[in-house]
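Structure first, commentary second.
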Amino acid sequence: MNETFVGNNLEETAYHEAGHVVVAAALGLELRIRGITIYEVSSDVMDGLACYWDDETDWEKNLQALLGGQIAQWRKFPETNLVDGSRPDRENFTEKARQHFAGSSPSDVWARVRDKVHALFDVAPHWSAVIEIADTLITAPWADETEHPFAKRKKHLDGAALVAILAAHGISARLR
């Protein structure tokens, strides 16, 4: 069986995953030791995973971190394909908005959260941290992949490395 994948390239995926992490850290959400992994699932098509989340926090913070990936990707690459590469994030956002903001439509929550994330990235230390994390991921060596069902190799940046980069930009981050 020959799989066909549609998604984003390495650079777009690196900015996307970096955006999640920077927003999460800036809002005080805990990062995970696993950090960020980018998987090469086919020629110039990546799948990424940024490890953060906090079920016990203000849900708007989680939604801001979730949307931070798309906004960082779009900010760096305005012509990017956000439709395919961000589908899981969009679906998760809609589900969580419906669960935790019953009095508002998901599109209203999206607009409010979007504006907050844009404002966060307008602050130089936050955007410069996105750039450094993304560049570090892009230039990281490829490693043989064994944990993704379709990927042949991966790039990885662990949580400790993320905390160090964020600290260099004045952003305090915690690992769990």
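Observations
- Under the condition of being assigned to a strand (DSSP E or B) and buried (at least 24 other Cβ atoms within 10 Å of the Cβ), the residues counted in region 13-44 number 3.
- From K155, K96, residue being over 13 Å from G19 (Cβ atoms), modelled with pLDDT of 95 or more and surrounded by 15 or more Cβ atoms within 10 Å (Cβ to Cβ): K155
- From the options D108, D144, residue that is more than 20 Å from L10 (Cα to Cα) and over 17 Å from the mean Cα position of the chain (by Cα): D108
- Residue identified as under 29 Å from R112 (Cβ atoms) and assigned to a strand (DSSP E or B) among D54, D47: D47
- Restricting N62, N92 to those that are in contact (Cβ under 8 Å) with a residue 12 or more places away in the chain and over 17 Å from L31 (Cβ atoms) reduces the list to N92.
- Only one of the listed residues (D47, D58, D54) is within 27 Å of I171 (Cα to Cα), acidic (D, E) and buried (at least 20 other Cβ atoms within 10 Å of the Cβ). That residue is D47.
- When residues of region 150-171 are limited to those that are part of a strand (DSSP E or B) and charged (D, E, K, R), the one farthest from W127 (Cα to Cα): R153
- For region 113-145, a tally of residues being part of a loop (DSSP other than H, G, I, E, B), free of Cβ contacts under 8 Å to residues at least 24 places away in the same chain, surrounded by fewer than 16 Cβ atoms within 10 Å (Cβ to Cβ) and in contact with a strand residue (DSSP E or B) (Cβ under 9 Å, 6 or more places away or on another chain) returns 1.
- Among the conditions (1) farther than 17 Å from A18 by Cα; (2) outside any helix (DSSP H, G or I); (3) in contact (Cβ under 8 Å) with a residue 24 or more places away in the chain, the only one that A102 does not satisfy is (3).
- Exclusive hit being free of Cβ contacts under 8 Å to residues at least 40 places away in the same chain, under 15 Å from A25 (Cα atoms) and out of contact with any Cys (no Cβ under 7 Å at 6 or more places or on another chain), set A72, A164: A164
- Selection within region 42-61: residues that are out of contact with any His (no Cβ under 7 Å at 6 or more places or on another chain), of a type in the set (A, V, I, L, M, F, W, C) and more than 15 Å from A161 (Cα to Cα). The member of this set that is modelled with the lowest pLDDT is W53.
The values are calculated or read from the model by the stated rules, or taken from the named source; none is laboratory data. Values in this document were obtained by computation on a predicted structure and should not be read as measured data. Don't worry about glycine lacking a Cβ; one is built from the backbone with ideal geometry, like all the others, and counts go over all protein chains shown.
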